[in-house]
Amino acid sequence: MWFFLFILTLAAIIGLHFWWRAKFSAQAERRAAEIETSQRKQQQTSLDAKAQQQVLFNSMLEGLLLLDRSRKIYLVNRAFKNLFGLKTELRGKTIVEALRLHELDELVQRVEAEQQVLDYEIKLPDLNERWLQVNAAVITNAAGERDGTILVFRDLTRLKQLERTREEFVANVSHELRTPLSLIKGYVETLLDGARDNPEVAERFLKIIERNANRLDLLIQDLLTISALESEKIKLNLQPVELRALAGKVLTDLNAKAENKNVELVNDVPELTANGDVNRLDQVLANLVDNAIKYGRAQGSVRVGGKKLDDGKVEIFVRDDGPGIPPEAIDRVFERFYRVDKARSRDQGGTGLGLSIVKHIVQAHGGEVRVESELGKGATFFFTVPTA
Ligand code: ADP
């Protein structure tokens, strides 16, 4: 009987043991699985955060450079690599090793002393002059100790170029205005000092004054046109324009000038209709024909012609048989105030803005300008405009 009871209790204990084990091991497995899932989730979240961070950094237009506390590169974004034209892994390198920019290394040392440096400009030692703006600050940890440095770079090259163009423009305009103005002043003073008493001299001086006043007037008109065209204030009044008739009108307007130089004017433009602003296209043709007469040869000829292109545009050309344009000037003649021969242009009453105005008007029509020339064999200016 006792023995039987003992066996029964033992069996119960063993059963209970297995039951608990099964229960606990299921629980333990469940716990382990839960821990694994949560770890995987955490890992995934951290990976997601890292990926998001990378996407964020790489979507920045500014170049980003993070240095650790020993001034070694910890992280850079895509814009940074593009700015410096780098493709290799930079992590762990110093600024000097990675970029060979001692100036930047010195800047980092300054940042460490001053906590941050803003709007620092740095010129890269490239062949093409490039400028970067650098904003830099020290990163500190919760205890306020320096943990690293962050540098943000912005490409200033275009801004610098615009600034330089503006400065050059102001300098050019001042110079162009000053020349006729000082001539006018000089001759007026001479007249007032007594030259007016000699009618012949007075007449000659007054003519010079008149010529220079006209030049000033022309210059101001051209400047206003350029400024209006550049700020897109001029709205084109688009309508069908008969190009042969327009060329005929322009040649008639400039006939007297051509006759003075014995230049023959020929209208070879076929019957073509453009979609354009008639007054602006008149200005384009007038500038080109005027130049062809001015810079062409005496007793030469100026021909205006054109044809329809396949892309729905018409191309008009103005050709002269003068001395032409030297190859190095071909790409520059459409720039404001660029002249191949300054003295010659001024003698002819040129402002140096004619071709720039032509370019702006043609581009406003969605067309293009170009010039072909061989020294001694004349020049041909081409422009395209949409057909009606
Ligand atoms: P400008 O007022 O001096 O004529 P433009 O902008 O009209 O200014 O022309 C710029 C320069 O291009 C001129 O000064 C001249 O040197 C050159 N150029 C323009 N047209 C011709 C041409 N048909 N033949 C030779 N040179 C030309």
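The values are calculated or read from the model by the stated rules, or taken from the named source; none is laboratory data. Bear in mind the structure is a predicted one, so any value in this text is a computation, not a measurement. So basically every Cβ, Gly included, is an ideal-geometry build from the backbone, and we count neighbours across all protein chains shown.
Key figures
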item: Tabulated pairs, region 322-347, first at positive phi, second in a loop (DSSP other than H, G, I, E, B) and more than 7 Å from the ligand (Cβ to nearest atom), C-beta under 8 angstrom, 6+ apart or interchain; result: Gly324/Glu374; Gly324/Leu375; Gly324/Gly376; Gly324/Lys377; Gly324/Gly378
item: Single residue of Leu236, Leu272 found to be modelled with pLDDT under 95 and more than 16 Å from the ligand (Cβ to nearest atom); result: Leu236
item: Lone qualifier among Asn267, Asn237, Asn291, Asn287 - being under 16 Å from Ile361 (Cα atoms), surrounded by 13 or more Cβ atoms within 10 Å (Cβ to Cβ) and of a type in the set (S, T, N, Q); result: Asn287
item: Condition check for Arg344: over 18 Å from Ala247 (Cα atoms), over 25 Å from the mean Cα position of the chain (by Cα) and near the ligand (Cβ under 8 Å from one of its atoms); result: yes
item: Residue within region 26-39 that is over 21 Å from Arg146 (Cα atoms), assigned to a helix (DSSP H, G or I) and touching a helix residue (DSSP H, G or I) at 6+ places or on another chain (Cβ under 8 Å) present; result: no
item: Residue list for region 279-323, restricted to those being more than 9 Å from the ligand (Cβ to nearest atom) and among the aromatic types (Phe, Trp, Tyr); result: Phe317
item: 2 or more residues without any contact (Cβ under 8 Å) to a residue 12 or more places away in the chain, under 24 Å from Lys294 (Cα atoms) and in the same structural domain as Gly296 (by TED's automatic domain parsing): qualifying helices (runs of 4 or more DSSP H) within region 178-280; result: 243-253, 255-260
item: Qualifying residue in region 216-224 (condition: among the β-branched types (Val, Ile, Thr), within 16 Å of the ligand (Cβ to nearest atom), within 30 Å of Ala343 (Cα to Cα) and surrounded by fewer than 16 Cβ atoms within 10 Å (Cβ to Cβ)); result: yes
item: Failed item, numbered, when Glu372 is tested on (1) within 8 Å of the ligand (Cβ to nearest atom); (2) modelled with pLDDT of 95 or more; result: (1)
item: Hey, Leu353 more than 10 Å from the ligand (Cβ to nearest atom) and either farther than 14 Å from Leu254 by Cα or surrounded by fewer than 18 Cβ atoms within 10 Å (Cβ to Cβ) (or both) or not; result: no
item: Number of positions in region 356-369 that are touching a Lys or Arg at 6+ places or on another chain (Cβ under 8 Å) and either basic (Lys, Arg) or near the ligand (Cβ under 10 Å from one of its atoms) (or both); result: 1
item: Close pairs (8 angstrom Cβ cut-off, 6 or more residues apart or separate chains): surrounded by 10 or more Cβ atoms within 10 Å (Cβ to Cβ) in region 1-30, modelled with pLDDT of 75 or more anywhere; result: none
item: Candidate set: region 94-117, residues that are exposed (fewer than 14 other Cβ atoms within 10 Å of the Cβ) and not in a helix (DSSP H, G or I); chosen: the one farthest from the chain's Cα centre (by Cα); result: Gln115
item: Identity of the residue in region 21-80, hydroxyl-bearing (Ser, Thr, Tyr) and farther than 30 Å from Leu107 by Cα, that ends up farthest from the chain's Cα centre (by Cα); result: Ser25
